[in-house]
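Take a look at the structure below.
The values are calculated or read from the model by the stated rules, or taken from the named source; none is laboratory data. Keep in mind the model is a prediction, meaning the values are calculated, not measured. FYI the Cβ positions are ideal-geometry reconstructions off the backbone, even for glycines, and counts take in every protein chain you see. The protein model used for the area step is the full one, side chains on, heavy atoms only, and it has no ligands, DNA or RNA in it. Shrake-Rupley method; radii C 1.70, N 1.55, O 1.52, S 1.80 Å.
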Amino acid sequence: MSQDLFQAPDYYQLDELLSEEHILVRDAAREWVKREVSPIIEDAAQQAKFPISIISGLAEIGAFGPYIPEEYGGAGLDQISYGLIMQEIERGDSGVRSTASVQSSLVMYPIWKYGNEEQKQKYLPKLASGEYLGCFGLTEPDHGSNPGGMVTNIKDMGDHYLLNGAKMWISNAPFADIAVVWAKNEEGRIKGLIVERGMEGFTTPETHNKWSLRASATGELIFDNVKIPKENILPNKDGLGAPLGCLDSARYGIAWGAIGAAMDCYDTALRYAKERIQFDKPIAATQLQQKKLAEMITEITKAQLLTWRLGTLRNDGKATSAQISMAKRNNVEMALTIAREARQVLGAMGITGEYSIMRHMMNLESVITYEGTHDIHLLITGLDITGLPAFK
């Protein structure tokens, strides 16, 4: 078991832009990842098994709904704190960050924003503590980038709704206690509803044989005439804008998280390049390796500045969906490029589980696709700057 020697790069002294609380939150998450995630994550990825034992630790560092008000069990932190926690967790593993992102932005966020007081009191404290784990059902087998075409539906039966359909590629599905699901009513309007484990006709088969996010549990949500109590409908927002609002929060967290994966790959490559001797000198003393390393730290620094600014805008309620899309797309592409370059710095050693790089690279192939594909985010920016949709 290799020791976690990670040292975070801060080439432009961005810590000076952070508050004392930001740094305390960030450092607590960083130390927890070093202590609890790094020693077990390679084995978990090799076994394709989510390390369920870390759930209580994620709750303790405030990773579940960090911006949710304290009255509902959250930490009441700001958006930059949320981002920094996601950055540190993804430095450990994208799959672990996925679990925290889903719990925070795709389960707790819609209940907090779109739910009534009874729903908030019933679910949020248990989700914040990790007693409950949740998942988010939007993507379907035939509707990914076009979620508005969903066929999952609810029918009003008088004293309850009847839910039918299926969702696919759902993080946390195999062990989730609740699912926030999006379905069309008889008028074709998209509604959010809370489905609970144990409801008859609700099953969550696991997705196997993944080469990416192997330490994360992925599955399907199958609904076969599931009776949904009317009090489980989220009452305060409907239409496609409701789930897209959740995705804004998740994409924002990913923009930060991807930086963590990139930092880990860069730090690993830098340390290796200084230690690896070829032709009687460290490979870090060669021009080609310095080019790789210099470009890595440049792109990480640009992403840090982009995302910090986005965090300040989000704190002020000014961040647009298009701005969030730009950061998500840019930062994940940046991280994936750095992972590939860092792998080359390590040569053949880069493909082994002794180092984290290949695991990050495989994980990022999922991150660049989920919560809006790389191409879709480009078209979101295109729509924003031209006013002309080009999705079809």
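A few comments on the model shown:
- Selection status of ILE254, open to solvent by less than 20 Å² (accessible area, probe 1.4 Å), of a type in the set (A, V, I, L, M) and part of a strand (DSSP E or B): no
- Looking across region 355-368, the residues that are within 16 Å of ALA273 (Cα to Cα) and either open to solvent by less than 30 Å² (accessible area, probe 1.4 Å) or touching an Asp or Glu at 6+ places or on another chain (Cβ under 8 Å) (or both) come down to SER356, ILE357.
- Condition check for VAL181 on (1) part of a strand (DSSP E or B); (2) at pLDDT below 95; (3) not polar (S, T, N, Q): one failure, at (2).
- The lone exception for THR152 - which of (1) surrounded by fewer than 22 Cβ atoms within 10 Å (Cβ to Cβ); (2) within 21 Å of the chain's Cα centre (by Cα); (3) of a type in the set (Val, Ile, Thr) it fails: (2)
- Exactly one residue out of LYS184, LYS191 is more than 30 Å from ASN315 (Cα to Cα) and touching a strand residue (DSSP E or B) at 6+ places or on another chain (Cβ under 7 Å): that is LYS184.
For (1) in contact with an Asp or Glu (Cβ under 8 Å, 6 or more places away or on another chain); (2) open to solvent by 10 Å² or more (accessible area, probe 1.4 Å); (3) of a type outside the set (A, V, I, L, M, F, W, C), each residue gets a yes or a no:
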| site | (1), (2), (3) |
| --- | --- |
| GLY219 | yes, no, yes |
| PRO229 | no, yes, yes |
| CYS246 | no, no, no |
| LEU270 | no, yes, no |
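- Residue that is open to solvent by 70 Å² or more (accessible area, probe 1.4 Å), among the basic types (Lys, Arg) and in a helix (DSSP H, G or I), where the choices are LYS302, LYS292: LYS302
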